[in-house]
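Student: I have a structure here, written as structure tokens, and I will follow up with some questions on it.
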Amino acid sequence: MTNKKQSVGILGAGISGLSAAYKLSQNNINITVYEKDNQVGGAIKTNSKNGWLVEEGPNTLMVKSEAVWDLLRDLNLITSSIEASKTAKKRFIVKNGQPTPLPMSLGSFLTTNLFSVKAKFRLLKEPFISKSNKEDESIADFITRRLGSEPLDYGVNPFVSGIYAGDPKTLSVKHTFEPLWKMEQQHGSLLKGLFKRDRKNDSPKRALLSFKNGNQQLPQTIADNFRKSIQTETNIQSVVKNDNKWIVNGQQNNSAFSEEHDVILSTLPAHLLPTIFEDSIFKPLNSLSYAPLSVVALGFSDEQIGHPLDGFGMLIPEAENRKTLGVLFSSSLFPDRAPESHHLLTCFVGGARNPDLAGISKKGLQDIVLSEISELLNITGKPVFSHFRFWPKTIPQYEVGYDHILNQITEIENLKTGLFIDGNFRGGVSVPDCILSGFETAEKIQTFLNGQ
Ligand SMILES: Cc1cc2nc3c(=O)[nH]c(=O)nc-3n(C[C@H](O)[C@H](O)[C@H](O)COP(=O)(O)OP(=O)(O)OC[C@H]3O[C@@H](n4cnc5c(N)ncnc54)[C@H](O)[C@@H]3O)c2cc1C
């Protein structure tokens, strides 16, 4: 039986920390969540003003596991959730300066001008290319080897920017596009793997979701279950072990504070851990890089936009030599993101492709984005609304050799009894992955406490 007096200190009230806290609090475990910001949610931030609803962080959550559906049901969030409009299935990729629909069927693949005839024939060779015996490989090497260079440039490169703000030449295929990696490992070919795919009828429903009040509604609703256990505006500066207790030190309301716990769960970004834990064993975590990213949300009236905005958005491959990484057609995806007869476009700049650009002035960013998207989407005039957010270090880059980071984290946990480490640098960057990882970590903590 768990001793109720034992306490767990959770560092960070992003979705990873909140998900673990939710499971632990449900099992009557004494938790305290420490958060530097004045609100919960971490990267999940919604800004709402004058009829415009902007997501500064994640815009869409791909829910496909029963555990996440159960969470939404438990939180009574199903009625507040909104599925992305059917038009979201259409995605545009810019090719030769034109937004071109990504083919979603064999027929449209054969006729699309996104790929040359030579590139389409090259795909027929794919089943005959032998599988790699490397332990890991970059996305760029993997895709070029199996499918050729055009699918990398106009198929995969823009998606890598869209999901990871990353560079396919450095990211690990095994850790970012695991299903593709597994298809090669198990079937020797992606095409064979696709045909042999197990299409179970009883798989949980898949849906691309947001919430009526924006995505921050999710962390806020989770946090409502244990509000009294959350200490916001609390900056953790160091964590040390003294006998069997973990001592958390930091600043709260401009004064120093210190509290002790039996267990610590850190969900802080990896690059902070070497400083906070002051131990050389954490140093290798510094080698995990994070891509800086700026979000530029622009609003226009109906008559300013010449494109129907009939899709999820538009991704801009590196080969097109533009600075904007991509644009989400936010008000086409979900209702009530813009006032009547207006449209909201959420644009992304920077990432591993142009890291220095992410941090430039708002005016500089707006000028760059406006000139590029005006040409691509046939927009006239200045935006009637704008909102910006700069994220200096939020999306971890799972690069080739990332196994070393994972092994190091396991080693730290083995050596530091009562310390658990989670966050988007461990179990996947997407919000649903962070939820699942938070749940798993909560289970590990519970098992640890039961054994005490
Ligand atoms: C612009 C952007 C777009 C994205 N788009 C999507 C998307 O469409 N779909 C999707 O699924 N995912 C998306 N993601 C990824 C996803 O949002 C994140 O990976 C996830 O929210 C990270 O959660 P986390 O709890 O692991 O980390 P974080 O959210 O970073 O939480 C860490 C928390 O620790 C706190 N903290 C840091 N230092 C201290 C300290 N010293 N003391 C106390 N607290 C501290 C922080 O304030 C923060 O609240 C996007 C991310 C970004 C930035």
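The values are calculated or read from the model by the stated rules, or taken from the named source; none is laboratory data. The structure displayed is predicted, hence computed values, not measured ones. Cβ sites come from the backbone with ideal geometry, for glycine too, and all protein chains shown count toward neighbours.
Student: Select from the stretch 388-436 the residues that are of a type in the set (Ser, Thr, Tyr), within 21 Å of the chain's Cα centre (by Cα) and more than 8 Å from the ligand (Cβ to nearest atom) and list them in ascending order.
Tutor: Tyr398, Tyr402
Student: If you go through the stretch 76-85 one residue at a time, do you hit one that is within 19 Å of the chain's Cα centre (by Cα), more than 30 Å from Asp310 (Cβ to Cβ) and at pLDDT 95 or above?
Tutor: No, the stretch 76-85 has no match at all.
Student: Okay, moving on. Would the stretch 387-408 turn up any residue that is farther than 29 Å from Met314 by Cα and touching a helix residue (DSSP H, G or I) at 6+ places or on another chain (Cβ under 6 Å)? Break it down into steps so the answer makes sense when it comes.
Tutor: Residues of the stretch 387-408 that are farther than 29 Å from Met314 by Cα, as a first pass: 401-408.
Next, only the ones that are touching a helix residue (DSSP H, G or I) at 6+ places or on another chain (Cβ under 6 Å) stay: 402, 408.
Among the residues of the stretch 387-408, at least one is farther than 29 Å from Met314 by Cα and touching a helix residue (DSSP H, G or I) at 6+ places or on another chain (Cβ under 6 Å), which makes the answer yes.
Student: Do we have Gly193 as of a type outside the set (Ser, Thr, Tyr) and in contact with a Leu (Cβ under 9 Å, 6 or more places away or on another chain) here?
Tutor: Yes: the conditions hold for Gly193.
Student: What are the residues in the stretch 238-284 that are over 26 Å from Gly427 (Cβ atoms) and of a type in the set (S, T, N, Q), if any?
Tutor: Listed by number, the residues that qualify are Asn242, Asn244, Asn249, Gln251, Gln252, Asn253, Asn254, Ser255, Ser258.
Student: What helices (runs of 4 or more DSSP H), lying completely within the stretch 82-151, carry at least 1 residues that are buried (at least 17 other Cβ atoms within 10 Å of the Cβ), in contact (Cβ under 8 Å) with a residue 24 or more places away in the chain and of a type outside the set (S, T, N, Q)? So that I can check it myself, show each step before the final result.
Tutor: Details: elements: 106-111, 117-123, 139-147.
Once the helices (runs of 4 or more DSSP H) in the stretch 82-151 are filtered for at least 1 residues that are buried (at least 17 other Cβ atoms within 10 Å of the Cβ), in contact (Cβ under 8 Å) with a residue 24 or more places away in the chain and of a type outside the set (S, T, N, Q), what remains is 117-123, 139-147.
Here is a yes/no grid of residues against (1) touching a residue at least 24 places away in the same chain (Cβ under 8 Å); (2) in contact with a Gly (Cβ under 7 Å, 6 or more places away or on another chain); (3) in a strand (DSSP E or B); (4) not aliphatic (A, V, I, L, M):
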site: Thr346; (1), (2), (3), (4): yes, no, yes, yes
site: Asp356; (1), (2), (3), (4): no, no, no, yes
site: Lys363; (1), (2), (3), (4): no, no, no, yes
site: Ser371; (1), (2), (3), (4): no, no, no, yes
site: His387; (1), (2), (3), (4): yes, no, yes, yes
site: Thr394; (1), (2), (3), (4): yes, no, yes, yes
site: Leu406; (1), (2), (3), (4): no, no, no, no
site: Glu411; (1), (2), (3), (4): yes, no, no, yes
site: Phe420; (1), (2), (3), (4): yes, no, yes, yes
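Student: Something else: Can you name the residue in the stretch 322-335 that is assigned to a loop (DSSP other than H, G, I, E, B) and modelled with pLDDT of 95 or more and, of all such residues, is surrounded by the most Cβ atoms within 10 Å (Cβ to Cβ)? Explain how you work it out, then say what you get.
Tutor: At the first step, the residues of the stretch 322-335 found to be assigned to a loop (DSSP other than H, G, I, E, B) are 322-323, 329, 334-335.
When the remaining residues are screened for being modelled with pLDDT of 95 or more, the result is 322-323, 329, 334.
On the way: Arg322: 19, Lys323: 15, Phe329: 27, Phe334: 23.
Per the stated criteria, the residue is Phe329.
Student: Is at least one residue of the stretch 20-33 closer than 30 Å to Phe329 by Cβ and touching a strand residue (DSSP E or B) at 6+ places or on another chain (Cβ under 8 Å)?
Tutor: Checked the stretch 20-33: no residue is closer than 30 Å to Phe329 by Cβ and touching a strand residue (DSSP E or B) at 6+ places or on another chain (Cβ under 8 Å).
Student: Could you tell me which numbered condition Glu443 fails, if it satisfies all but one of (1) within 30 Å of Asp243 (Cα to Cα); (2) within 14 Å of the ligand (Cβ to nearest atom); (3) among the charged types (D, E, K, R)?
Tutor: (2)
Student: Another question, then. Hey, among Thr232, Thr221, which residue is at pLDDT 95 or above, surrounded by fewer than 17 Cβ atoms within 10 Å (Cβ to Cβ) and hydroxyl-bearing (Ser, Thr, Tyr)?
Tutor: Step by step, each of Thr232, Thr221 is checked, and only Thr232 is at pLDDT 95 or above, surrounded by fewer than 17 Cβ atoms within 10 Å (Cβ to Cβ) and hydroxyl-bearing (Ser, Thr, Tyr).
Student: Output the residues belonging to the stretch 240-259 that are more than 10 Å from the ligand (Cβ to nearest atom) and touching a residue at least 24 places away in the same chain (Cβ under 8 Å).
Tutor: Answer for the stretch 240-259, where residues must be more than 10 Å from the ligand (Cβ to nearest atom) and touching a residue at least 24 places away in the same chain (Cβ under 8 Å): Val240, Lys241, Asn244, Trp246, Glu259.
Student: Tell me, which residue of the stretch 228-238 that is near the ligand (Cβ under 10 Å from one of its atoms) and not polar (S, T, N, Q) is farthest from Asp37 (Cα to Cα)?
Tutor: Start the filter on the stretch 228-238 by keeping residues that are near the ligand (Cβ under 10 Å from one of its atoms), which leaves 231-238.
Next cut, not polar (S, T, N, Q) only: 233, 236.
Values: Glu233: 5, Ile236: 11 Å.
Looking at residues that are near the ligand (Cβ under 10 Å from one of its atoms) and not polar (S, T, N, Q), I get Ile236.
Student: Another question, then. List the pairs whose first member sits in the stretch 48-65 and is at positive phi, whose second member is of a type in the set (A, V, I, L, M, F, W, C), and whose Cβ atoms are under 8 Å apart, counting only residues at least 6 apart or on separate chains?
Tutor: As it stands, the answer is Asn50/Phe385; Gly51/Ala338, since those pairs meet every condition given.
Student: Then there's this: Looking only at the stretch 25-69, filter to residues that are more than 10 Å from the ligand (Cβ to nearest atom) and basic (Lys, Arg); which one of those is surrounded by the most Cβ atoms within 10 Å (Cβ to Cβ)?
Tutor: So the residue we want is Lys64.
Student: Now for a separate question. Any chance you could count how many residues in the stretch 279-307 are among the polar types (S, T, N, Q), assigned to a strand (DSSP E or B) and within 15 Å of the ligand (Cβ to nearest atom)?
Tutor: 1
Student: Could you say whether any residue in the stretch 18-31 is small (Gly, Ala, Ser) and assigned to a loop (DSSP other than H, G, I, E, B)?
Tutor: No.
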